[in-house]
Amino acid sequence: MPPRSPTISVETAGSDGLSGVRLSRGTLIRRRFLRNKLAVLGLCIVGFMLVLAFVGPYLTKWSYTDNDFDHLLSAPSSEHWFGTTQVGVDVFAQTMRGLQKSLIIGLLVAIFSTGMSAFIGSVAGYLGGRTDRVIMWVVDLLLVIPSLLVLVILSRYYQGKSWLLLVVGLTIFDWMITSRVVRGLAMSLRELDFVRAARYMGVPTRTIIARHLLPNMASIIIIAATLNVGGAILGETGLSYLGFGVQAPDVSLGTLIAEGTGAALTYPWLFMFAGTSLVLTVLAVSFIGDGLRDAFDPGSTRSKKI
Amino acid sequence: MLGYIVRRLLNTILLVFIAASSGYLIASIALYPRGNYEAVLEPPPKYVIDEVLNRSNVNDEVPFVERYGIWLGQLVRGDFGIDLDGNEINEEFARRVTVSLRLLVVGALVGATIGVLIGVVSAVRQYKLFDRGFGLLSYFLLSTPVFLLAILLKFGGIKFNDWVGTTVFFTQGEYSAGFEGTDFEFLMNRLQHLILPTLSIALGSIAFYSRYQRNSMLDVLSSDHLRTARAKGLTKRQSLFRHGLRVAISPMATFFAYGFGLLMAGAVFTETIYGRFGMGNWFVTAVAKNDINAVSAVVTFTAVLVLLSGFLADIILVVLDPRVRTR
C-alpha cells in the first residue's frame, strides 16, 4: 500500500507579502532558492563539474587514450596533475572524460525517465480504473526485481554498442517510483473543479493532461528530475563498475574506480579523484533538489519521495 | 485478520511466480549460451553443443514455451535445474544462499533499527547538533555508491589493521581458511569477516531510513493525538514511545520491502569486493557465463526476498496500525 502522496499547495503570487510588493512566482522561487546556502553551493559545484568536464580535456596536452611511457604510475605532479596509471595514461584526462560521460548519461537518463514517469503517472492517475490498476501492477512488478540485475542481464544488447543504448536501458528501469508520485498528484488534481470543468466541456483527455495536469505538477516534476540525476549517475557508475556499462576504450567514473582500486592502497590517486568527483556531483545534485523543493513548496515537510 | 494474511500470502506467492517467470524470460532472451561454445577457436560439432545445451534445458532451438514449461515444472518442485557445467544448481544455491542471507538479513536489520533510532532522535532534537550532524552525514552516505563505500571501508579496515598491528577486520572471504579454535573463536572470526561488508550495505540504509523516519516523526510530533497524550498527563517520553513512535514507524514498513531489493543490488558489489561467494557474486559470474538457469535462480531468490519482506511489512503495518485492518 503506497502512502498517499502529498497534495500540492497552490500558491498565489505575492502570498509571502514581502513589504507589500507583488512578486511573480518565478521571482519568489528564485529568491527562496538563493537564500538556501546548501542549494547554492550545490548549484556552484554542479556548474563547476560541468565546466570542468567539458573544458578540462583542453587544459592538458594529454588525452585519455595517450600513453606516457616515461611516466608509469607516477604520483600527481606538474606534468600529470592527477598522476598516471600503470600504462602511463594521464589520470586527469581520464577523470575529465569519465566525468563528462557520467554527467551526460546521468542528465539524459534523468530527463527521459522523468518525462516517462510524468506521462505514465498522469495517465494512470487521471484515467483511474482498469488502466491505473494495470499500470501500477507493472510498476510493482518492475520494482520487485532490482533494475541493476535486469540491466546486467540485458547488457548484451548495449555492450560494445553506442552508449546511447545504455541511456535507453537505464531510462526504462528508472521511472517507476517517480511515476507513483505523479500518479498520486494526478489523482488529487483530477477532482479539482477546473479539471472537472474541462472534462465536462468535452476537452479530450490528452489536452487535459498536457494543459491542466502537467503544468500544475511542474514543481514536483522538476524536483524529481533533479533528484533523478543523482540516481541515474549512481546507476550508470554502478553498472560500469561491474563492467556492464560504459565499455573500454571509453571511460566513465565507474570504470575508472573499478580499474583504479586494484593497486589503490599504494597508489591512491588512481581512483581517489574519480571517487571524489562522483560523490561531490551526486551530493551537489541532491542539495539542488532539496533546495528546489523548499523553494517551490516551503510548507511541505521535506523529502516525501515515494 | 487471518483472512487478510492468507489473501496477502497468496498474492505474494503469485507475484513470486510472475517475477521469477519474467526473470527467466529476460534471461532466456538476453543470454546466449550457445555463443560460449561457438566463439572458441575450434568449435565442437553442433550435436555436441546441442547435447550440452539440452542437458541444461537452454537449447535456443527448442521453442521457448517448451523450455519454460520444463523449467516451471522443476521450479514448482523446488528444483532450479542444471547449470552449463552439468552441476545441480540447487547444490550451488544451498552453498551460497546462507552466505548472502547472513549479509542481507544482518544488514537489513542493522540498517533499519539504527536508521529508525537516529531518525527518531533527530526529530526530537530537531536543528540541534545531533540532527544537523547526522543530516549532513546521511547526505554524504546517500551520495556515495555502495561500491565506493565498500572499497573505502575495505581500505580503511586494512589501514586500521596496520595501525593496530593486528588483524581486526578481515576483508576477504567468509572466514580464515584453515582456522583452528573453539566454536566461540570461530564465531568471532566469522564476525570479523562480516563487519565491514555489512557496514558497506547497511550505512546507506541507515542514512535512508533515518531521513524518512525523521520526517515521519516530525509529522507525528506536531499531531493532535500526541498533544492529547501529553494533556492527559503522560510525560514527554511516555507519550513519544506509547503513541508517537507507533504511528511514525508504520510508513517505514513499506520502505523496508523495497529496501531489500536495493540491498540485494548492494550485495552484488559488496560480495565481489569482499570476496564472498554469495548470490550477488554468483549473479555476475553467471551472467558472464550466459548461464540462464543460474541467473534465473538468483532472480527468483531476489523476488522471494523482496516479496516476502513486503508481506512481512504488511503484517507489521496491520499490527501497528489498526486502521489498515478494516480495509
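Considering every residue within region B:223-236, establish whether at least one is under 24 Å from the mean Cα position of the chain (by Cα), surrounded by 14 or more Cβ atoms within 10 Å (Cβ to Cβ) and touching a residue at least 12 places away in the same chain (Cβ under 8 Å). No, region B:223-236 contains no residue that is under 24 Å from the mean Cα position of the chain (by Cα), surrounded by 14 or more Cβ atoms within 10 Å (Cβ to Cβ) and touching a residue at least 12 places away in the same chain (Cβ under 8 Å). For the criterion of being in a helix (DSSP H, G or I) and at pLDDT below 90, A:L107 fails.
Against the condition surrounded by 19 or more Cβ atoms within 10 Å (Cβ to Cβ), under 27 Å from B:W71 (Cα atoms) and either small (G, A, S) or touching a helix residue (DSSP H, G or I) at 6+ places or on another chain (Cβ under 8 Å) (or both), how does B:F256 come out, does it pass? It is false that B:F256 is surrounded by 19 or more Cβ atoms within 10 Å (Cβ to Cβ), under 27 Å from B:W71 (Cα atoms) and either small (G, A, S) or touching a helix residue (DSSP H, G or I) at 6+ places or on another chain (Cβ under 8 Å) (or both).
Just need a number here: residues in region B:149-181 that are surrounded by 11 or more Cβ atoms within 10 Å (Cβ to Cβ) and of a type in the set (D, E). The total comes to 2. Across region B:12-52, the number of residues qualifying as more than 10 Å from chain A (Cβ to nearest Cβ), among the aliphatic types (A, V, I, L, M) and surrounded by 15 or more Cβ atoms within 10 Å (Cβ to Cβ) comes to 2. Contact map, region B:100-129: residues that are at pLDDT 90 or above and aromatic (F, W, Y) paired with residues that are crowded, with 23+ Cβ neighbours inside 10 Å and not in a helix (DSSP H, G or I), Cβ distance under 9 Å, separation 6+ or inter-chain. No pairs are found. Whether a residue is in contact with a helix residue (DSSP H, G or I) (Cβ under 8 Å, 6 or more places away or on another chain), within 12 Å of chain A (Cβ to nearest Cβ) and either of a type in the set (D, E, K, R) or within 30 Å of B:F155 (Cβ to Cβ) (or both) was assessed, and B:S210 passes this test. Cβ contacts < 7 Å: first residue surrounded by 13 or more Cβ atoms within 10 Å (Cβ to Cβ), restricted to region A:57-78; second residue of a type in the set (V, I, T) and not in a loop (DSSP other than H, G, I, E, B), any location; separation 6+ or different chain. Result? Matching pairs, first to second residue: A:D68/A:T84; A:H71/A:T84; A:L72/A:T84; A:L73/A:T84; A:S74/A:T84. With respect to (1) away from chain A (no Cβ under 14 Å); (2) within 23 Å of A:P146 (Cα to Cα); (3) without any contact (Cβ under 8 Å) to a residue 12 or more places away in the chain; (4) over 24 Å from the mean Cα position of the chain (by Cα), the lone exception for B:Y68 is condition (3).
Put simply, of B:F283, B:F255 the only residue that is more than 25 Å from B:Y127 (Cβ to Cβ), under 16 Å from the mean Cα position of the chain (by Cα) and facing chain A (nearest Cβ under 9 Å) is B:F283. Set side by side, the residues A:I120, A:I111 differ, and just one is surrounded by 19 or more Cβ atoms within 10 Å (Cβ to Cβ), over 30 Å from B:P33 (Cβ atoms) and either in contact with a strand residue (DSSP E or B) (Cβ under 7 Å, 6 or more places away or on another chain) or more than 14 Å from chain B (Cβ to nearest Cβ) (or both), which is A:I120. Which of the residues spanning region A:79-91 are of a type outside the set (A, V, I, L, M, F, W, C) and loosely packed, with under 15 Cβ neighbours inside 10 Å? If the condition is that a residue be of a type outside the set (A, V, I, L, M, F, W, C) and loosely packed, with under 15 Cβ neighbours inside 10 Å, then A:Q86 is the only one that fits. B:R276 meets the conditions (1) out of contact with any Gly (no Cβ under 9 Å at 6 or more places or on another chain); (2) surrounded by fewer than 24 Cβ atoms within 10 Å (Cβ to Cβ) in every case but one. The failed one is (1).
One residue stands out among those in region A:241-294 that are within 8 Å of chain B (Cβ to nearest Cβ) and without any contact (Cβ under 8 Å) to a residue 12 or more places away in the chain: the one that is farthest from B:N281 (Cα to Cα), which is A:V279. Flag not set for A:I145, criterion: crowded, with 21+ Cβ neighbours inside 10 Å and in contact (Cβ under 8 Å) with a residue 60 or more places away in the chain.
Condition (residue is touching a helix residue (DSSP H, G or I) at 6+ places or on another chain (Cβ under 6 Å) and among the polar types (S, T, N, Q)) applied to region A:65-82: is it met by at least one residue? Checked against the condition, which is being touching a helix residue (DSSP H, G or I) at 6+ places or on another chain (Cβ under 6 Å) and among the polar types (S, T, N, Q), region A:65-82 yields no hits at all. For A:T237, indicate whether it is at pLDDT 85 or above and either at the interface with chain B (Cβ under 8 Å from one of its Cβ atoms) or under 21 Å from the mean Cα position of the chain (by Cα) (or both). So A:T237 passes the test.
The values are calculated or read from the model by the stated rules, or taken from the named source; none is laboratory data. On a predicted model such as this, the values are computed, not experimentally measured, just so you know. Neighbour counts are summed over all protein chains in view; Cβ atoms, including those assigned to glycine, are modelled from backbone coordinates with ideal geometry.
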